[in-house]
Amino acid sequence: MLILECPYCGVKAEETELHGGGEAHLKRFGPGSSDDEFHDYLFMKENPRGVHLERWRHVNGCGKWFHAARCTQTLEVFATYSAQTTEPPQEVKDKISAKRPGWTWREFEG
Ligand SMILES: [Zn+2]
């Protein structure tokens, strides 16, 4: 079972206490964007076998959204961090790099 530590309340929550919110760090496109930008925003999601950055909500706890960096293959959790970021903090990138040297995810890399 996937267990994530909520970065806000510190609870180590089982997957059943959480709600997945899909991919983290999406760049939103609205009025004035091209059809291709809007299409990619809606439909082109990452689905890696390995490092993934995701949104989760501690729905049966504090209720807050946060981000998790984890491996989809092994369920290893590298870090959880605030959702109030536009990219993973350097310490999160460093934690991923320590376990998965040379990782990349969209425009981010270790
Ligand atoms: Zn929480």
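Readers should treat all values here as calculations from the given coordinates under stated rules, not as data from a laboratory. These numbers were taken from a predicted model, which means no experiment stands behind them. A quick note on method: Cβ atoms are made from the backbone with ideal geometry, for glycine too, and the neighbour counts reach across all protein chains shown.
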### Output for the range 30-57, where each listed residue is crowded, with 16+ Cβ neighbours inside 10 Å and either away from the ligand (no atom under 16 Å from the Cβ) or more than 19 Å from the chain's Cα centre (by Cα) (or both)
46, 51, 52, 53
### Query
Residues of the range 68-85 being touching a strand residue (DSSP E or B) at 6+ places or on another chain (Cβ under 8 Å) and closer than 17 Å to residue 100 by Cβ, which ones?
68, 69, 70, 71, 72, 76, 77, 78, 79, 80, 81
### Query
Got a number for residues in the range 58-87 being surrounded by 15 or more Cβ atoms within 10 Å (Cβ to Cβ), within 16 Å of the ligand (Cβ to nearest atom) and within 11 Å of the chain's Cα centre (by Cα)?
9
### Query
On the given criteria, is residue 25 surrounded by 16 or more Cβ atoms within 10 Å (Cβ to Cβ) and in a loop (DSSP other than H, G, I, E, B)?
yes
#### Entry: Of all residues making up the range 33-66, the number that are polar (S, T, N, Q) and within 20 Å of residue 16 (Cβ to Cβ)
1
## Note on the structure
Result of the Cβ filter at 8 Å on the range 57-77, keeping first residues that are free of Cβ contacts under 8 Å to residues at least 40 places away in the same chain and at negative phi and partners that are within 10 Å of the ligand (Cβ to nearest atom) and of a type in the set (A, V, I, L, M, F, W, C), at least 6 apart or interchain, is 57/18; 57/65; 57/66
### Query
Taking the stated definitions as given, is residue 108 closer than 18 Å to residue 20 by Cβ and not acidic (Asp, Glu)?
no
### Message
Based on this model, can you work out whether residue 13 counts as assigned to a strand (DSSP E or B), within 16 Å of the ligand (Cβ to nearest atom), in contact with a Leu (Cβ under 8 Å, 6 or more places away or on another chain) and closer than 16 Å to residue 106 by Cα?
### Response
no
